[in-house]
1. Between rounded, prolate and oblate, where does region 535-613 land on the alpha carbon gyration tensor, with a ≥ b ≥ c its root eigenvalues, rounded for a/c under 1.5, else prolate if a/b exceeds b/c?
2. What accessible area per residue comes out for the chain, rounded to a whole number of Å², with a 1.4 Å probe?
3. How many nm is it between the label spots at T220 and D144, if each spot is 7 Å from the Cα in line with the beta carbon?
4. To the nearest 10 degrees, how steep is helix 74-86 against the longest Cα principal axis of the chain, on a 0 to 90 scale?
5. Excluding ligands and nucleic acids, what accessible area in Å² is computed for E376 using a 1.4 Å probe, to the nearest 10?
6. Helix 139-152 versus the longest principal axis of the chain: what is the Cα-based angle in degrees, 0 to 90, to the nearest 10?
7. What order, most packed first, do the peptides 82-89, 101-108, 575-582 have when packing is the mean number of other Cβ atoms within 10 Å of each residue?
8. Region 202-231: which trypsin sites (Lys or Arg not before Pro) are DSSP loop and have at most 16 other beta-carbon atoms within 10 angstrom?
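The values are calculated or read from the model by the stated rules, or taken from the named source; none is laboratory data. Fair warning: this is a prediction, and the values are worked out from it, not measured in the lab. Every residue, glycine among them, receives a Cβ derived from its backbone with ideal geometry; neighbour counts consider all protein chains shown. Areas reflect the complete protein model, heavy atoms only, side chains present, ligands, DNA and RNA absent. Shrake-Rupley method; radii C 1.70, N 1.55, O 1.52, S 1.80 Å.
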Amino acid sequence: MSPHLLDTLTDSASNPNIQNGFPSNIGSGVNSETVHISKVQPVAPVHSEAKFELEDHPIDEPRSLNVAVIGAGIAGITAGVLLPVKVPGLRLTIFEKNPDVSGTWLENSYPGVRCDIPAHVYQSTFSPNTQWTEEYAQGHEIRDYWQGVARKYDVYKYLRLNSHVTLAEWDPESAQWLLSVKDLKKDSTDTTSVERFDVVITAIGRFNAWKLPDIPGIETYEGHLRHSSNWDKSFDPNGKRVAVIGNGASGIQVVPSLQPIVKHLDHYARSPTWIAGSFAGEGEGRTLEPKLYPVEKLQSFEDPEAYYKFRKEFEAKFYRRFETIFKNTEGNEKLRTDFKTAMTERLKEKPELLEQILPDFSPNCRRLTPGPGYLEALTKDNVSFIRTPIARFTKEGIVTNDDTERKVDAVICSTGANRDMLPPFPIRVPGVGSIQDAWSPSPYTYLGVATPSFPNLLSVQGPNATGHSGTVPNQLETQVTYIAQLLRKVTQQGIKTFSPSKAATDDFVAYCDAFFARTVWSEYCSSWANGGKPGGRVQGHWPGSASHLNIVRRSPRWEDWEWTYRTPSGNRFAYFGNGWTAKELQEDSDLTPYLKKPDEIDLRIYHEEWFTV
């Protein structure tokens, strides 16, 4: 305590006319000239022993930040478009293991691959395609669109294609991440380089690491064996006996595409599932036949105002069904009734199948899939729908738990990808361990974007990072924008390391668990929402709606983060520099960017545009 402050407090205690260090009669109408306050001393500032030295630079001098994004699917492309324009001083590298961008839409080429969501809501908000061929676009058209976005916004200049990240390790001394990157274009075995980055952002997608099922004897099978995400385009299924394992999204698309051309199809389904009409009540939903847009409709979309009106009305429907995820609600019960009625009608040729495929869990517990033609395919004479669990493979086929062997020429495994949301390569911090350890038995994140004790590590579309309803591209854009705000703070304020606090993360996890207990995702079904563990913690969704999540991302809670600073003094205000701004040192620079014509001012965002300062 300052001796001056101590004297003041002592005088206050002994003098009834002084309260809290000031005369009690100030403001009481007493003439101020008669008030004696000579003993009230100013409080001396407390100084640290080390003298602080100003850094000689303007406060807004650009600072370089070396950032790596891992993955160039839709998330990586969105990051490549938005981060460079939102973060001054950014040096960006995007690593992609494939020879081109677009992720799952580049990798998946199985028969019938297309999006379950209408194309007009599966595109960026800032670069729409008004001329989609079909309402539910085929995979190749979606791939071409997103590659076109990457070209339009020059994302390719940041790309390192055919580059597979195999390890990320934190170097505490330099406060940087060391990425081990394997060059897949080179034939040599020694093709791995180590590169340093200030910040690493994973954008690897949710269903990136496909894998064959762990079934005994699968390595002994001598027929054609493929995962649907690793489709062999040279494979001709015509006239063959084929098995399809799995009734997730890809299995439900593969079955009706193969059924008309194969000799016989064995379809193994471990779990029942709901077959939806559409996701958002946007119409009759998908059909097996392509839903081509009429020429007149496409021509009307060439009018920007007409297309804007259409898109606003159409996309809004995808935000209106949040109620359906909650247990015992009118909305969810209506889905159950509507889906059961539709499934009964579609299975009328073999009504006995309804009991085998109709779930006892609520709609939305597993991801809804429209599946046009799927139920109809199951009723055909050349299809066997098999719910008996698989026991093992043989050289010629598959044996179920009842010892029945079914011989087939080919097996297509539509068994999904990793559902634990763990990165497919080790991410390690010395003295802490790996992210794989930290996320065991379930992912542990702050707002789905970062994890305590893993500094300068961020993710796009990580665990608990996607709100129900809404659209995928919009949520990617708002998450990348949230990250951009964080990176701007890092570059502008001389921050060296950042990570969320454990207390804040624990609070977020507690909120998630309380919220999800009210939803159908907590029911006993196996889905990617719970990491494939029925009744397990829900990790695939944000604890709220898409609109709810957009609000959270608009106003980051910086108080939830822990920071260290680049300045040797550790002074958090060292970035203030020498008191100048760069603009003031430039002739003819605009020092009054805030002045606008009155009719151009929106007071809600006035003085909040970061780029006009």
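1. Judged from the Cα gyration tensor, region 535-613 comes out oblate (a/c at least 1.5, b/c at or above a/b).
2. Here the residues of the chain average 50 Å² of exposed surface.
3. Roughly 4.7 nm, to one decimal.
4. For 74-86 against the chain, the angle is about 20 degrees.
5. 60
6. The two axes meet at around 30 degrees.
7. Those peptides, ordered most packed to least, come out 101-108, 82-89, 575-582.
8. For trypsin sites (Lys or Arg not before Pro) across region 202-231 that sit outside H, G, I, E and B with at most 16 neighbouring Cβ atoms in 10 Å, the list reads K211.
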